[in-house]
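Before any comments, here is the structure.
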Amino acid sequence: MEKTGRRWLAGSAATIALAAGGAALPSQPLGTATSVLLFVTLAQSWNIIGGFAGYPSFGQVAFFGVGGYCAAVLTAQVGFSFWAALPASAAFAAAFAAVVGPPLLRLRGNAFSIATLGMAAGTRELVAILGVTGGGAGLTVPTFGPGPHTAYPGALAFYWAYLALAAVSLAVVAWLSASRFGLALRAIRADETAAESAGVATTRTKVAALALSALLAGTAGALFAFQQVVVFPDSMFDITTTTLMVVIVVVGGRGTVAGPVVGAVVFETLVTELHLFASRLDPLILPALIVVGVVLLPDGVAHLLPVPPGAGRGGTPRARPRAVLLDAVRRYRL
Amino acid sequence: MTAVLEVESLTRNFGGLRAVDEVTFSLRRGTVLGLIGPNGAGKSTVVNLVTGHLAPTRGRVRVGGRDVTGAPPWKLVRAGVARTFQVVRPFEDLTVLDNVAVSAMYAAGFPARAARTTARRLLEQVGLATRAGDPAGQLGVADSRRLELARALATHPRVLVLDEILGGLAQREIAAGVDLLAALREQGIAILLVEHHMGAVRALCDRVIMLERGRPLTSGPPAEVLSDRRVVRAYLGARHPGTAP
Amino acid sequence: MAGAPSAVTDLLQALVDGLLEGGLLALVAVGFTLVWGVLNEINLAHGALVVLAAYLTWELSASAGLNPLLAGLTAIAVVAALGYALQRGLLNLVARAPVLLPLLVTFGAGLLLRDAMVAAFSSDDRTLVTAYSLSAFRVGGVYLPVLRLWSLVLAVTLTTGVALGLRHTRHGMAIRAVGMDRDAARLVGIPVRHVYALTFAAGAALAGAAGAMVAAVGTFSPVSTDVYTLESFVIAVVGGIGNTSGALAGGLALGVLEALAGQYLPGELVSAIAFAVLLLALVLRPQGIVGRARYSARVDR
């Protein structure tokens, strides 16, 4: 597995390097590249709990939002610098996941998906009525003025920050894929009862996975809050963010290292670039991509590659991509 | 010599139904206890109670003298009680090797590399070495049972609880299975053998408990229990008196 | 009106309003719970189908001048056909995949329908006004709108009808068989793909009936889609997944609860009621509060 793992890492790094070329680009493509990098992180966050552990969270945006709001509150209300607030927000998001995780992770499948969706909506409502978060009126991260503030670093700096975070996320998931912890998560996904019989403390392991995924999403949320300067409940807890995370990983390849990277590049580029041809039908693009992508690529593009990811050492090489594609579609068809 | 597994007045109700009623036994190192009885007698419930998959309504379970009643499966397996499943439950998309390695890592506490080495050795022992790299979902019935056993052995068990591990196997495979289990007994592992195959029970068990409707009907050495008229009747029904198994 | 009698009347009015609204909610939810129970699919496009039927009814009667009853029936037929196509053409392709995939497909389809409706009809609220829109009884101090009474009657009739149909008709038995074990059903010669699509179409037709009723008694807009889906989900969980009479009980209960909350709680808490019930139900009793899940295996993966 080390060998395949390294190959994946190299492939993914190359993909990111391609994205990194965006640094030389004018502002519109730079914006797209930045958004791609944000979604690499968010997709990997979802991949940990939804891909490796097989718990399809539909509330992942809650951790993004909690991280973002934590950063905003710490900078605006407590007087932290943004760079001090960043790790604190990541930790807070992970702690939040560790608290809401145990009851949610008792559920499985559809019930888990919908309960997490409810958790995210509930969190948004809570943020919208609390005083410290500024409620529905939003909260401003101080970027200038006489009081404590952190100067706004500009678009290119955010591009680099998201790039660094994406690289960290990729490294975390690459490590996970080869580690004991990752193996335990895949065992849980395959058969939770059998995993428990193999000595895996399933509840603890699942909560740890959720917290790790929240750590990544929370960090991304904090960066996003700073990038936006003003945060609102509706912008930080947007259901579309969760949807994109899920779809990117599904279409890229659940439980693989490179799949979510490829998915994020393809999906975010498609979505943002197609939006340029703005029309009344604009909002239909994303849902149409979701439906078509999921039906045609149920196992994701990563499975079209010659060596199936996650097959471990000694995995048998697969047939031609087209055969694999049809194979996946055939396997799930009624 | 003290018992590695002691079960005392084990009782479990499902609603109004008493699935297991006052079952008591103890199991020593290197011995095999057979648990037999017709379908629905409560054998699998006993397995689930002893391995932590169900909590008993009443009664105690002790492993090596330590009370583990109501502990979750992962704690029990770490304490030395491993099981196989009657309906096999492989981690289908993991390789055969990794299926076994999970147990070696989490139940026996080996680091990743040592766990894979152990897993390889166990696959050799159960005769699955050539399939190590295949996804476990591709194994047939007999190989899936071997995998179940290898996975249980990788936990480094003191007690093996085998739920119809020989079920659905051909005669030749059963003979191989019996030899394998006899070798494990020689290594000092205690075995709770839930089995329908009476030849295997006779060959392996030191003692046998016969369950009927959750209660121990009779117990003793296999030769004695298997020729008990009540046992014969319970298995074959009252209309076939005197037909020995 | 003031003083003690008015407080009692208010309470009674809230209860009656809740029951009447609950009838409508039950009608919205019964198709959803049927699809979930039989196909193990959470149809996140359900609310969109309800609202689509409402728009079709509205367009056909208010704009095209069709008799409202005929308009409603046409809308039901169209939505049912759409449901059949959706299951047969898309959802059947991922029917054996982990539940996440069908969930995503229905989510995408619902979003597509909703945004298409926004594009086609804008997002303003609409109400269908007919000659009998405003007629009502008064019993004591309590006001009983006729159309809403009819919607409750329709809900009870259809829910009972579905339950009886599932039990006694050929198609009903095929649907139940598929819900219990689709592979065994296929072995005994049931055309599983067709029955899947048929079940989804039945769920969509019920959504259509609810939508036609919504057009007649209330206001609607594309924004309502998510609310209807959420409420269906809550009712299905509370009433027992796949349990149609449970859906009726759950719908009435939720209607009364929301009406009472509307009467006595601050506004922003009312919308949280459904969510609160849902989270409690899922965490405490995933198998349903009022009823038992019809297909208990469905609660898991």
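The values are calculated or read from the model by the stated rules, or taken from the named source; none is laboratory data. Computed from a predicted structure; not experimentally measured. Because the Cβ atoms are built from the backbone with ideal geometry, glycine has one as well, and the counts that use them run over all protein chains shown.
The table for this structure:
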quantity	calculated
In region B:160-180, the residues that are buried (at least 22 other Cβ atoms within 10 Å of the Cβ) and at pLDDT 90 or above	B:160, B:161, B:162, B:163
Single residue of region B:115-141 satisfying the filter (among the small types (Gly, Ala, Ser) and under 12 Å from residue B:98 (Cβ atoms)) that is farthest from the other protein chains (Cβ to nearest Cβ)	B:119
Condition check for residue B:182: in a helix (DSSP H, G or I) and over 30 Å from residue B:58 (Cα atoms)	yes
Residue check, residue C:202 of a type in the set (A, V, I, L, M), within 30 Å of residue C:121 (Cα to Cα) and assigned to a helix (DSSP H, G or I)	yes
Every residue from region B:205-245 that is assigned to a loop (DSSP other than H, G, I, E, B), modelled with pLDDT of 75 or more and either within 27 Å of residue B:178 (Cβ to Cβ) or among the polar types (S, T, N, Q) (or both)	B:205, B:206, B:221, B:227, B:228
All positions within region B:116-173 that are in a helix (DSSP H, G or I), farther than 27 Å from residue A:180 by Cβ and under 20 Å from the mean Cα position of the chain (by Cα)	B:141, B:142, B:171, B:173
Of residues in region C:157-190 being within 14 Å of another protein chain (Cβ to nearest Cβ) and in contact with a helix residue (DSSP H, G or I) (Cβ under 8 Å, 6 or more places away or on another chain), the one surrounded by the fewest Cβ atoms within 10 Å (Cβ to Cβ)	C:186
Selection status of residue A:80, part of a loop (DSSP other than H, G, I, E, B), more than 13 Å from every other protein chain (Cβ to nearest Cβ) and surrounded by fewer than 24 Cβ atoms within 10 Å (Cβ to Cβ)	yes
Options C:56, C:111, C:152; residue that is in a helix (DSSP H, G or I), within 14 Å of chain A (Cβ to nearest Cβ) and buried (at least 20 other Cβ atoms within 10 Å of the Cβ)	C:111
Scan of region B:79-111 for residues that are of a type in the set (Lys, Arg) and in contact (Cβ under 8 Å) with a residue 60 or more places away in the chain, ordered by number	B:83
Pick from region A:101-138, criterion outside any helix (DSSP H, G or I) and farther than 14 Å from residue A:206 by Cα, ranking: nearest to the other protein chains (Cβ to nearest Cβ)	A:130
Condition met for residue A:213 (buried (at least 20 other Cβ atoms within 10 Å of the Cβ) and in contact with a helix residue (DSSP H, G or I) (Cβ under 7 Å, 6 or more places away or on another chain))	yes
Hits in region C:191-201 (condition: of a type outside the set (Ser, Thr, Tyr) and more than 17 Å from residue C:233 (Cα to Cα))	C:191, C:192, C:193, C:194, C:195, C:197, C:198, C:201
Any chance residue C:121 is in contact (Cβ under 8 Å) with a residue 12 or more places away in the chain and buried (at least 22 other Cβ atoms within 10 Å of the Cβ)	no
Residue match in region A:195-216 (condition: in a helix (DSSP H, G or I), touching a Pro at 6+ places or on another chain (Cβ under 8 Å) and more than 10 Å from every other protein chain (Cβ to nearest Cβ))	yes
Wholly enclosed strands (runs of 3 or more DSSP E) of region B:1-96 bearing at least 1 residues under 22 Å from residue B:235 (Cα atoms)	B:17-27, B:32-36
Residue satisfying all of: in region B:53-105; under 25 Å from residue B:18 (Cβ atoms) and among the small types (Gly, Ala, Ser); farthest from the other protein chains (Cβ to nearest Cβ) among these	B:59
So residue C:86, is it part of a helix (DSSP H, G or I), in contact with a Phe, Trp or Tyr (Cβ under 8 Å, 6 or more places away or on another chain) and more than 9 Å from chain A (Cβ to nearest Cβ)	yes
Matching option when the condition is out of contact with any helix residue (DSSP H, G or I) (no Cβ under 6 Å at 6 or more places or on another chain) and away from chain C (no Cβ under 14 Å), among A:141, A:168	A:168
Number of the condition not met by residue C:218 [criteria: (1) surrounded by fewer than 24 Cβ atoms within 10 Å (Cβ to Cβ); (2) over 30 Å from residue C:116 (Cβ atoms)]	(2)
Pairs where the first residue, in region C:33-48, is within 16 Å of residue C:95 (Cβ to Cβ) and the second is basic (Lys, Arg) and outside any helix (DSSP H, G or I), C-beta under 6 Å, 6+ apart	C:37/C:294
Condition check for residue A:220: within 10 Å of chain B (Cβ to nearest Cβ) and either over 25 Å from residue B:150 (Cβ atoms) or surrounded by fewer than 24 Cβ atoms within 10 Å (Cβ to Cβ) (or both)	no
Helices (runs of 4 or more DSSP H) completely within region C:224-301 that count 3 or more residues being away from every other protein chain (no Cβ under 11 Å) and at pLDDT 85 or above	C:224-239, C:244-264
